[in-house]
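What follows is one structure encoded as structure tokens, with my remarks underneath.
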Amino acid sequence: MVDGVAETWQLRWVGKTRPVCAANDGFTCPCAGFAYGEGGDLILVRLRKQVEIDRLQITRLFDEPFRGEGRIAIVPRWPEDVKSDLENEGDKNFPALVAKRPVVHLMSVADYDHDGRATEFYLQVSTEPCGKSVGVSRGNSRLHAFGKASNPSKPLRLHREEWEAIRDASGPIEVTDWLCGDHGSESEVTLRLRWGAGGVDGTRHTCTCPPNARRLAKVGPL
């Protein structure tokens, strides 16, 4: 419902798609959050009474070429079951078994920007996994990727857990973006996030890790 009017939102492929991070590809870091998926050129279409009123190019939100294939949109089609999949990935029937699973639900619409309307959803666009919140807002009634209040035209990339923390919070929050020791990191990064009529904004705080003793090393923009 957008301003009291029922709408249908559809993610649509333009042209052919191809398997990406398929069940026979094995488990790799670049596929985190994308397995078992498909890729191609993707758009988001907005309909009222089956008439298109708006559309958004989704492929351009994927910032980096994937495995040398150029810029493509990737979404998971069938879910992973890590324990079961590791045990069975060598089975020749494994791809067929995966294809029998229910398809992944991609759009869970909620009020991420706290404008009182559930008109946004999270979409993963890289493999940390980071993603962007897509939808409409009171300040911009056209489909768009949400940016910072200080730079609304540049899509804001946050981890899924960070977007969910914003969605569920009732005031300013602090979330851990990067832990000490993660992939050998010698620093820890936290985000202090807030939102207002102009959107989400905040600051990025970088601290040193033990054994150097924890201390604030840098504060920068989100």
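The values are calculated or read from the model by the stated rules, or taken from the named source; none is laboratory data. Remember, predicted model here, so these are calculated numbers, not experimental data. Here the Cβ is made from the backbone with ideal geometry for all residues, glycine too, and neighbour counts use every protein chain on show.
Here are a few things to note about the model shown:
- Residues (in a loop (DSSP other than H, G, I, E, B), small (Gly, Ala, Ser) and touching a residue at least 12 places away in the same chain (Cβ under 8 Å)) located in region 75-113: ALA99, SER108
- Filter result for the condition that a residue is of a type outside the set (A, V, I, L, M, F, W, C), surrounded by fewer than 19 Cβ atoms within 10 Å (Cβ to Cβ), out of contact with any Pro (no Cβ under 7 Å at 6 or more places or on another chain) and modelled with pLDDT under 90, over ARG167, ARG215, ARG142: ARG215
- Look at (1) closer than 26 Å to VAL109 by Cβ; (2) out of contact with any strand residue (DSSP E or B) (no Cβ under 8 Å at 6 or more places or on another chain) and you find that THR59 fails only one, number (2).
- Residues considered: VAL82, VAL51, VAL45. Of these, the only one that is more than 15 Å from VAL20 (Cα to Cα) and touching a strand residue (DSSP E or B) at 6+ places or on another chain (Cβ under 7 Å) is VAL45.
- Hey, LYS132 more than 16 Å from the chain's Cα centre (by Cα) and either free of Cβ contacts under 8 Å to residues at least 24 places away in the same chain or under 28 Å from ARG46 (Cβ atoms) (or both) or not: no
- Subset tally (residues that are part of a loop (DSSP other than H, G, I, E, B) and either touching a helix residue (DSSP H, G or I) at 6+ places or on another chain (Cβ under 8 Å) or of a type in the set (D, E, K, R) (or both)) for region 115-150: 8
- For VAL175, the conditions (1) out of contact with any helix residue (DSSP H, G or I) (no Cβ under 8 Å at 6 or more places or on another chain); (2) over 16 Å from ASP115 (Cα atoms) all hold with the exception of (1).
- When ASP91 is tested against (1) farther than 29 Å from ILE173 by Cβ; (2) of a type outside the set (S, T, N, Q); (3) modelled with pLDDT of 90 or more, just one condition goes unmet, and that condition is (3).
- Number of positions in region 178-222 that are under 15 Å from LYS148 (Cβ atoms) and either more than 22 Å from the chain's Cα centre (by Cα) or in a strand (DSSP E or B) (or both): 15
- Matching residues in region 151-177 - criterion: being in a strand (DSSP E or B) and basic (Lys, Arg): LYS154
- Yes/no for GLY135 being modelled with pLDDT under 90, surrounded by 17 or more Cβ atoms within 10 Å (Cβ to Cβ) and under 27 Å from PHE66 (Cα atoms): no
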